[in-house]
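Reading through the structure tokens given below for one structure.
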Amino acid sequence: MPVFTQPVPRDLRAKLFELNWAFVLLIVLTGCIGILMLYSVAGGAWDPWAIRHATRFGAGFLVMLVVAMVPPRIWMSLAYPAYLGALFLLIMVELFGATAMGAQRWIDIGPLRMQPSEIMKIALVLALARYYHDLPPEKVSTPGGMIVPILAIALPFGLIAKQPDLGTAVLTGATGAVMVFLAGLSWKVIVPGLVAGVVGGVAFLRYGLEEYQRARVMTFLNPENDPLGAGYHIMQSKIALGSGGLTGKGYMQGTQSHLNFLPEKQTDFIFTMLGEEFGFVGGIAVLVLYALILGHCLMTAMACRSVFLRLVTMGVTTTFALYVFINAAMVMGLVPVVGVPLPMISYGGSVMFTVLIGLGLILGAHIHRAAEPPKGAGLFG
């Protein structure tokens, strides 16, 4: 007996017709904004960032459509192998990973350099969704039902934090925690868990941070203490955002960015550059575009009848929302600088493919939203 029963579209043409094309259009618009901004970063040149971003977005877009066409039972069957594979790659990073900018986050496979922590974000979502699909609801809050998800979240969190990549580790852990909550965790477990989390977080901030990470936290609290050192990034970001005013200085006319006062403007601080060139209006327009994408994600999640698809959609939505929130808050000085990119706008291949694969899963969930697995069915029925 198959995991998912009718009604579902039966052929490729029907599935393409069932795609949420308004959602696809929003994704394309966001990717185009990224291309335009990276063209501006290079001073009106396609090379080195804009052309590569456009190529990666085009390839990722095709992968997204392929992912959307794959039946949910296939993703269920791949959930645990994907998680174990991503965990293996994280261990390989620890043993043989490539180091850049003081961090060991990448692994070279032939001519390709990949960041396994990005793969883990999707793999963890699939694995937890599969686990809770098979777990009876009354066991969600039992010790036996909680040990597997806790370990599934803790292992990659520890490996990613050790690279060190605190921003990605926090994002991965937060996504996992939200999925556990949405699976139906009892408040009798949530409240003590929150207390333990706060205590553990304080202890981690006190004893678990690298020196440069601790410096970032202190800089966040008072960036003016070291305006030419640790506080330089956020000070320049605030200056650039403020100089943009209401409507900005104009496309490719940003002074802070084009005179190289603004660091990492092609990646972490691209939203700052956008705010300088298009002002408050441009920044709000991009945030509204992201809000519309998130709205479509949430509507898809609410329409899904199966636990697996609902949790996959909410897991990907949480990850996407955290990307946007952390990056925007970071460049405004509302949270410490942690190196989280702006999805589909910042330069970066691993993040681009991770985001588009996740959005492909949501598109697929929209197609199969009316499908419901037989009660008590496992992977093979």
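The values are calculated or read from the model by the stated rules, or taken from the named source; none is laboratory data. Source: prediction; values computed, not measured. Note that each Cβ is placed from the backbone with ideal geometry, even for glycine, and that neighbours are counted across all protein chains shown. Surface accessibility is based on the protein's heavy atoms, side chains included, excluding ligands, DNA and RNA. Shrake-Rupley method; radii C 1.70, N 1.55, O 1.52, S 1.80 Å.
Computed quantities for the displayed model
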| quantity | calculated |
| --- | --- |
| Ellipticity estimate at 222 nm from DSSP helix runs (n ≥ 4, -39,500 (n - 2.57)) divided over the chain, nearest 500 | -22500 deg cm²/dmol |
| When segment 260-319 is reduced to its Cα atoms, the Kirkwood hydrodynamic radius in Å | 13.5 |
| Loop-resident sites, segment 259-357, for trypsin sites (Lys or Arg not before Pro), counting at most 14 other Cβ within 10 Å (DSSP) | Arg305 |
| Fully extended contour minus Cα-Cα distance, from Val288 to Ala59, at 0.36 nm per residue | 79.9 nm |
| Formal net charge of residues neighbouring Ala127 (Cβ-Cβ distance under 12 Å; K, R +1; D, E -1) | +1 |
| Residue among Trp46, Trp187, Trp21 with the largest mean-square fluctuation in a Gaussian network model of the chain, springs linking Cα atoms under 10 Å | Trp187 |
| Segment 57-147, relative contact order in percent, only Cα pairs under 8 angstrom and at least six apart counted | 25 |
| Most mobile listed residue (Leu194, Leu84, Leu294) in the chain, GNM with C-alpha springs under 10 Å | Leu194 |
| Portion, in percent, of the accessible area of segment 63-191 that falls on carbon or sulfur, probe 1.4 Å | 75 |
| Straight-distance crosslink candidates among lysines, where the alpha carbon sits under 19 Å from Lys121 and sequence neighbours closer than 8 are dropped | Lys162 |
| Cα→Cβ-extended label distance, 7 Å offset, between Phe261 and Ile147, nm | 5.8 |
| Extension gain, Ala154 back to Ala42 (0.36 nm per residue minus Cα-Cα distance, nm) | 36.3 nm |
| Taking N as its residue count, the alpha carbon Rg of segment 38-152 over 2.2 N^0.38 Å | 1.39 |
| The chain - accessible surface per residue (Å², probe 1.4 Å) | 46 |
| Two-site FRET efficiency, Leu16 against Ser243, from Cβ-Cβ distance with R₀ of 30 Å, rounded to 0.05 | 0.10 |
| Lysines whose Cα lies under 21 Å from that of Lys249, excluding same-chain neighbours fewer than 8 positions away | Lys238, Lys265 |
| Under Karplus coefficients 6.51, -1.76 and 1.60, residue-wise ³J(HN,Hα) of segment 115-131 in Hz, glycine/proline x | 10, x, 4, 6, 4, 4, 4, 6, 4, 5, 4, 5, 5, 5, 5, 5, 4 |
| Over the chain, relative contact order from alpha-carbon pairs under 8 Å, at least 6 apart, % | 29 |
| Choice from Thr55, Thr317, Thr175 showing the highest fluctuation, given a GNM over the chain with Cα pairs closer than 10 Å | Thr55 |
